[in-house]
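Just below is one structure, and these are the notes that go with it.
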Amino acid sequence: MIKQRTLSSITKKVIMSLAGLFLITFLLVHLGINLFLIPVTENHKEIFELLADFMGSNPIIKVFEVVLFGGFIIHIFYGIVVQLQDWASRGNVRYKSGSKSKTTFSSQTMIYTGLLVFLFLALHLYQFYFMKLGLNTTPFMSADGHPQFYEVARQLFSTQPLYSIIYIITFVILGFHLNHSFQSAFQTLGWDHRKYIPIVKVIGKIYAIVVPAGFIIIPLYFMIMQ
């Protein structure tokens, strides 16, 4: 029974790790598109609208969105389940003095940072994705009836400082979450050879800093420049 429970726990962690790596890849794509909200090129606005329209109308992307939401749900669900099982298996051990000395702050707070990011994701989906589905209206519409996502983002970031502050704080929190999850995913999948794990750690730290910073630059630009 104990062995079966252990195998079940490992399976959950593997599924959660695969979903997490999938989401890590998605974040890079999402950041690459969002950076065109700021003047990285002269025609950045047109490029962003073109990419946003492609993401909203291409049938392959629509299938990918289903896979993406599935990845989020699986990662969050199994993250909670694994954490609860871990707490239950340790009982009161986690409360003993010095019991957390071998774990980092990022690993200790994974469940909490993950839940906070999930709450922001719900807000973000309401602001942008549901708008595409017509479940959230906007005054910024093109002639053919599609939301103008550039104007929506500009309006949110430049006129609603609270939203921008929440956005920035969320990505700082996400940085802590990514700092541990990147390395943890590779270890769970058995890709933790002692020769390569130091490289994985460095790449994970760089990713956990650069990607959230890239997202944070966007609201800062609109808050300062607009």
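Listed values, structure above:
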{"read-out": "Within the stretch 99-213, helices (runs of 4 or more DSSP H) holding 3 or more residues that are at pLDDT below 70, closer than 30 Å to W87 by Cα and not aliphatic (A, V, I, L, M)", "value": "105-108"}
{"read-out": "Selection within the stretch 177-226 - hydrophobic (A, V, I, L, M, F, W, C) and loosely packed, with under 12 Cβ neighbours inside 10 Å", "value": "I199, V202, I206, I224, M225"}
{"read-out": "Test for T170: is it among the hydroxyl-bearing types (S, T, Y) and either farther than 23 Å from L123 by Cα or surrounded by fewer than 15 Cβ atoms within 10 Å (Cβ to Cβ) (or both)", "value": "no"}
{"read-out": "Criterion: of a type in the set (A, V, I, L, M) and surrounded by 15 or more Cβ atoms within 10 Å (Cβ to Cβ) - qualifying residue of V29, V82, V67, V63", "value": "V82"}
{"read-out": "The lone exception for V14 - which of (1) surrounded by fewer than 17 Cβ atoms within 10 Å (Cβ to Cβ); (2) among the hydrophobic types (A, V, I, L, M, F, W, C); (3) modelled with pLDDT of 85 or more it fails", "value": "(3)"}
{"read-out": "Condition check for G71: touching a Leu at 6+ places or on another chain (Cβ under 8 Å), at pLDDT 75 or above and not polar (S, T, N, Q)", "value": "yes"}
{"read-out": "Boolean, V40 is part of a helix (DSSP H, G or I) and of a type in the set (V, I, T)", "value": "no"}
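The values are calculated or read from the model by the stated rules, or taken from the named source; none is laboratory data. All figures in this text were calculated on a predicted structure; none of them were measured in a lab. Cβ atoms come from the backbone with ideal geometry, glycine included; neighbour counts cover every protein chain shown.
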